[in-house]
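Everything on this sheet refers to the single structure shown next.
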Amino acid sequence: MKSIKLGLVDDHTLFREGIKSLLDKIPTIELVLEAVSGKDLLTKLNGTIPDVILLDLEMEDMNGMDTTLQLKKRFPNIRIIILTMHKEERMISYLMEIGANGYLLKDTNREELEDAIKSVYNRGFYFNPFVSQALLKGLKNKGARPPVFSKDYHLTNRELEVLELVTKEYTTAEIAETLFLSIRTIEGHRKNLMVKLGVKNTAGLIITAVREKIISV
């Protein structure tokens, strides 16, 4: 199995050492980059580019929110897992909408850390029960406006099929197999969906599909 290249960004040395000791027990994940702030990370992203970055929220120089925005602008293919002690639902919802692919609390265990990294790498997102609840509450709190139905997005029947499978947590390969299409074709449909729905990643597709009632979940 191909190793997942991981970046770790946190301004506390002891915390980084703790994460590294957990990662040492996961042979399919390779730590390729460490940084102490968002600015430090962006400076170091000129060699090996990680597949997934574990990103602290509170850092000097550049915080996790600003770093997420910069990463999505300059390196849109990097997937981001926010790793923090903040439990505010509005914070979680905002970070997922601006491009984060997952959100973990710092008291997570090795098993969930591994699951999150692999899920973000393979599926493009990771929602644990806590994050799912926060997102649903966030969507309900925004619910004063009427829903916009799929015809307004001009989605084709095939795009709707792909979007429905995305919301069911199918990987690109699984969608291709289910619809008897090539992986490249599915990737094309996924990119078109992101453009039409105005989102940056798979998490954004799911959030928008549910919020706008495009797909019934």
Relative packing of peptides 4-16, 104-116 - highest average C-beta neighbours within 10 Å first: 4-16, 104-116
For helix 202-211, what angle does its Cα long axis make with the longest principal axis of the chain, in degrees from 0 to 90 and rounded to 10? 50
What is the distance in Å between the Cα centroid of the range 170-212 and that of the range 118-137? 16
Could you pull out every residue, at least 5 positions away or on a different chain, whose amide H is within less than 5 Å of the one on I80? Hs are placed 1.01 Å off N in the peptide plane, and Pro or chain starts have none. I53, N101, G102
Estimated translational D of the chain in µm²/s (Stokes, Kirkwood radius over Cα pairs; 20 °C; 1.002 mPa s): 120
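Readers should treat all values here as calculations from the given coordinates under stated rules, not as data from a laboratory. All of these numbers come straight from a predicted model, not from anything done at the bench. Here Cβ is always computed from backbone atoms with ideal geometry, including for glycine, and neighbour counts include all displayed protein chains.
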